[in-house]
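To keep things clear, I will list the structure first and then write my remarks on it.
No value in this document is a laboratory result; all are computed from the given coordinates. Here the structure is a predicted model, which is why all the values come from computation and not from measurement. Because the Cβ atoms are built from the backbone with ideal geometry, glycine has one as well, and the counts that use them run over all protein chains shown.
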Amino acid sequence: ELYIEPLKKVFKKVSLVPLPKYQSVFNCITQVFSKQPFQVAYFENKALQKVLAEQVQAEQFDAIHVQHLRMAPYALPYKHLKLILDLPDAFSLYWKRKTILKTPY
């Protein structure tokens, strides 16, 4: 909720879809023997799927921007839209750059 107002200054519409921790734990437990990564299972949320479906139906989007692999399954039903998959989890690249550049961050 802390970030909603700043996001509203940038985006036309902002929707907050809560995911209770107990639901994430349940998701992971039920996926123990699945090939699905826990990271994907942890963030599975039917309410988010519904909100996304409603917004895709109501608006004219050119593409869907997905950040992190765990969110990619949400975009899969929308094959008619371009998908931008942003994978910022390159910690090895982060540490390599930090070592090479000797930056203090």
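Here is how the numbers come out for the structure above:
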{"item": "Rel. contact order, % - alpha carbon contacts under 8 angstrom, at least six apart, the chain", "result": "18 percent"}
{"item": "Extension gain, F26 back to D86 (0.36 nm per residue minus Cα-Cα distance, nm)", "result": "18.9 nm"}
{"item": "Summed side-chain charge close to Y42 - residues other than Y42 whose Cβ falls under 11 Å, Lys, Arg +1, Asp, Glu -1", "result": "+1"}
{"item": "Estimated Rh, the chain: Kirkwood, alpha-carbon pairs, angstrom", "result": "16.3 Å"}
{"item": "At most 15 other Cβ within 10 Å, DSSP loop - chymotrypsin sites (Phe, Trp or Tyr not before Pro), the range 1-37", "result": "Y3, F11, F33"}
{"item": "Estimated [θ] at 222 nm from DSSP helical runs (n ≥ 4, -39500 (n - 2.57)) normalised by residues in the chain, nearest 500", "result": "-11500 deg cm²/dmol"}
{"item": "Longest exposed-site-free window of the chain, the sites being trypsin sites (Lys or Arg not before Pro) in a DSSP loop that have at most 16 other C-beta atoms within 10 Å", "result": "36-78"}
{"item": "Segment A63-L16, extension gain: residue separation times 0.36 nm, minus the distance between their alpha carbons", "result": "14.9 nm"}
{"item": "Size of charge dipole - the chain - debye, nearest 20, with Cβ of Lys, Arg +1 and Asp, Glu -1, no other charges", "result": "340 debye"}
{"item": "Relative pair counts by distance (%), Cα atoms of the range 1-47, 5 Å bins", "result": "5, 20, 21, 14, 13, 12, 9, 5, 1"}
